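Each remark here refers to the structure printed beneath this line.
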Amino acid sequence: METGRGLSGTLIPVAEARARLLSDAGALESETVAIDNAGGRVLAGDLKALRTQPPMSVSAMDGYAIRAADIETAPSELTVIGEVAAGHPFEGAVGPGEAVRIFTGGVVPAGADTVTIQENVTVLDGGRVRANQAEPTGRNIRRAGLDFTEGETVLAAGTMLDAGALCLAAAANHPALAVVRRPRVAILATGDELLPPGSEPGPGQIIASNGYGVAAIARDAGAEVLDLGIVRDREDELADALDRAENSGCDILVTLGGASVGDHDLVQKVFVAKGMSLGFWKIAMRPGKPLMSGQYAGMRILGLPGNPVSSLVCAHLFMKPLIEKLGNRPFSQRRETAILAAPLPANDKREDYMRAEAWRDASGALHVKAFALQDSSMISTFALSDALIVRAPKTPPADTGDSVDSILLKSI
């Protein structure tokens with residue numbers, strides 16, 4: 001991990017910080033899971049069919065398997081010599097003037113080269129039928145290998161295993177699949193003032209909330225999440241928590257709070273003393289300036305700010321793409337140009353991520369309106385936000401109707 005810039009107090013741009021964070025991240029190793037548990041996972045290698053689908057030519061409709069030559073001058077009378085249902089082939093062969101009753105999925109018997117649907121046939125007495133119209137060769141027949149053939153690559157490495165992909169893998173006769181291992185993310189909240197939900201806060205205490213939102217973002221990105229709980233602002237407790245994270249086998253340790261410059265912000269100090277390699281610190285962004293990145297004992301460490309909105313914005317911008325890259329998933333940030341619904345003042349030297357409402361007009365164009373209060377402690381505002389308006393450093397004032405860059409947080 002590159003070090004230097006961002007460590008001496010110099011603020012580094014968001015894009016540079018993210019590029020450095022992701023520069024040496026690659027897909028994790030594979031593991032094999034039962035196909036029942038493979039939904040939402042990422043295929044680790046190309047998947048080849050273990051069988052041909054369909055294995056033999058089958059009927060696509062309910063009707064009669066016949067020879068096309070016998071009904072060229074329809075109407076034509078034919079003798080029914082048997083029946084075929086799915087899973088129950090007809091052992092004989094269809095000869096001149098003969099027909100076999102066949103149902104969808106039934107194997108087309110030898111000698112037959114077309115299927116006429118039952119709506120085009122009149123049933124007569126004495127085991128006879130009348131085909132009322134001519135049919136070309138191959139009509140209503142699914143030829144062997146129409147879907148795929150044995151040895152053919154049916155799914156490429158990197159495919160997200162959704163409903164269609166899982167169905168195809170099962171049809172190709174795979175009971176288990178090699179998938180990229182899910183990144184393991186451990187979340188550690190720090191602060192003397194924090195208590196878990198359901199507690200009765202005393203003077204100066206608050207309920208810890210950041211971790212639940214960060215965990216949700218991590219899971220949406222494909223991670224397994226481990227909650228390391230809350231530790232106080234004590235060096236020994238922080239050192240012990242780092243050891244617990246290492247022993248958990250996590251790929252990413254996310255700390256919440258304690259990474260700034262106050263006397264009680266001890267995360268960086270303790271972790272560096274324990275041997276963490278500090279990659280960068282302090283980002284030219286609002287909210288989220290005191291973000292920390294490092295590595296320790298094979299773990300990647302992200303120190304997110306303690307303010308709830310700062311923590312969640314940084315989780316979207318940094319943690320989420322890191323998880324996606326380790327999990328071999330595509331970068332999923334939904335960035336879109338939007339129309340400003342209310343004016344904005346000039347921006348300062350930090351890239352700003354403003355919480356906003358968003359909606360689409362009848363033409364599908366995206367409109368955004370920043371909330372009046374943008375304080376990084378206001379969880380209620382973030383919960384109502386549909387998007388983040390992204391404003392580059394030193395951007396001049398913007399008027400209603402101007403185009404702005406935005407990141408969608410919800411489906412609009």
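Annotation: Ala186 fulfils all but one of (1) crowded, with 19+ Cβ neighbours inside 10 Å; (2) among the small types (Gly, Ala, Ser); (3) more than 26 Å from the chain's Cα centre (by Cα); the unmet one is (3). Criterion applied to Ala284, Ala245 was being more than 25 Å from Leu195 (Cα to Cα) and small (Gly, Ala, Ser), and the one residue passing it is Ala284.
Being assigned by TED's automatic domain parsing to the domain that holds Met299, of a type in the set (D, E, K, R) and surrounded by fewer than 13 Cβ atoms within 10 Å (Cβ to Cβ) holds for only one residue in Asp36, Asp24, and it is Asp24.
Here's the yes/no breakdown for (1) touching an Asp or Glu at 6+ places or on another chain (Cβ under 7 Å); (2) at pLDDT 95 or above; (3) more than 24 Å from Ala284 (Cα to Cα); (4) of a type in the set (Ser, Thr, Tyr):
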{"site": "Arg360", "(1), (2), (3), (4)": "no, yes, yes, no"}
{"site": "Ser363", "(1), (2), (3), (4)": "no, yes, yes, yes"}
{"site": "Lys369", "(1), (2), (3), (4)": "yes, yes, no, no"}
{"site": "Ser377", "(1), (2), (3), (4)": "no, no, no, yes"}
{"site": "Asp386", "(1), (2), (3), (4)": "yes, yes, no, no"}
{"site": "Pro396", "(1), (2), (3), (4)": "no, yes, no, no"}
{"site": "Ser403", "(1), (2), (3), (4)": "no, yes, no, yes"}
{"site": "Ser411", "(1), (2), (3), (4)": "no, no, yes, yes"}
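The residue list Ala372, Ala362, Ala356, Ala315 contains one member that is over 30 Å from Met276 (Cα atoms) and surrounded by 12 or more Cβ atoms within 10 Å (Cβ to Cβ), which is Ala356. Among the numbered conditions (1) within 30 Å of Arg334 (Cα to Cα); (2) touching a Leu at 6+ places or on another chain (Cβ under 6 Å), the only one that Ala221 does not meet is (2). Is it the case that Ala65 is small (Gly, Ala, Ser), in the same structural domain as Asn173 (by TED's automatic domain parsing) and crowded, with 17+ Cβ neighbours inside 10 Å? Considered against the rule, which asks whether it is small (Gly, Ala, Ser), in the same structural domain as Asn173 (by TED's automatic domain parsing) and crowded, with 17+ Cβ neighbours inside 10 Å, Ala65 comes out as no.
Looking across the stretch 271-325, the residues that are free of Cβ contacts under 8 Å to residues at least 60 places away in the same chain and assigned to a helix (DSSP H, G or I) come down to Phe271, Val272, Ala273, Lys274, Cys314. Could we say that Pro290 is more than 24 Å from the chain's Cα centre (by Cα) and over 22 Å from Tyr212 (Cβ atoms) here? No.
The values are calculated or read from the model by the stated rules, or taken from the named source; none is laboratory data. Here the structure is a predicted model, which is why all the values come from computation and not from measurement. Reconstructed Cβ throughout: ideal geometry from the backbone, glycine too, with neighbour counts over all protein chains shown.
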